[in-house]
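The values are calculated or read from the model by the stated rules, or taken from the named source; none is laboratory data. Since the structure is predicted, the reported quantities are computational estimates derived from the model, not experimental observations. Note that we place each Cβ from the backbone using ideal geometry, even for glycine, and neighbour counts take in every protein chain shown. SASA here: full protein model, heavy atoms, side chains in, ligands and nucleic acids out. Shrake-Rupley method; radii C 1.70, N 1.55, O 1.52, S 1.80 Å.
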Amino acid sequence: AMKQSGTPWLPELAPPADFKAVVRDDPKLGLEIVGALRPGALHPRALFQNCVAGRPFDSLGAWIGPEGDFTDAEIELLVRGRDAQPVTFGDAVLKCETAAIHALSILSHENSWLRTARI
């Protein structure tokens with residue numbers, strides 16, 4: 001399906017792992033977002049406009065919390081430990097499996113947008 005659609009990257013899904021170990025040990029990506037139900041989370045377009053100076057990222061990642069969202073402490077760990085950027089997915093509260101697909105779609109769209117936009 002990836003070749004058929006012309007998608008240049010394959011999302012990598014990792015098996016369940018210890019949260020703190022992954023935050024600490026996994027390689028950091030060019031941009032990491034964390035879906036957050038908290039005030040102050042940016043719309044993904046605003047994040048891309050504010051953070052990237054018009055250059056697409058070579059690697060992207062999304063952190064999606066469990067039902068009820070990440071705790072404030074977990075989000076702060078992601079922000080401090082991985083420079084993850086809290087984003088909102090709009091007014092709808094999505095189930096974690098739906099939020100993951102939604103996040104990948106947003107990242108793909110916004111990164112593609114950077115290739116054609118004049119910021």
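Here are some notes:
- Within the range 40-62, no residue that is over 15 Å from L104 (Cβ atoms) and modelled with pLDDT of 80 or more sits with its Cβ atom under 6 Å from a residue that is open to solvent by 40 Å² or more (accessible area, probe 1.4 Å) and acidic (D, E) at 6+ positions apart or across chains.
- The residues of the range 11-50 that are part of a helix (DSSP H, G or I), open to solvent by less than 70 Å² (accessible area, probe 1.4 Å) and not basic (K, R), listed by number, are F19, A21, V22, V23, P44, A46, L47, F48.
- Flag for G65 being small (G, A, S) and part of a loop (DSSP other than H, G, I, E, B): yes
- Filter pass, A92 being in a loop (DSSP other than H, G, I, E, B) and open to solvent by less than 70 Å² (accessible area, probe 1.4 Å): yes
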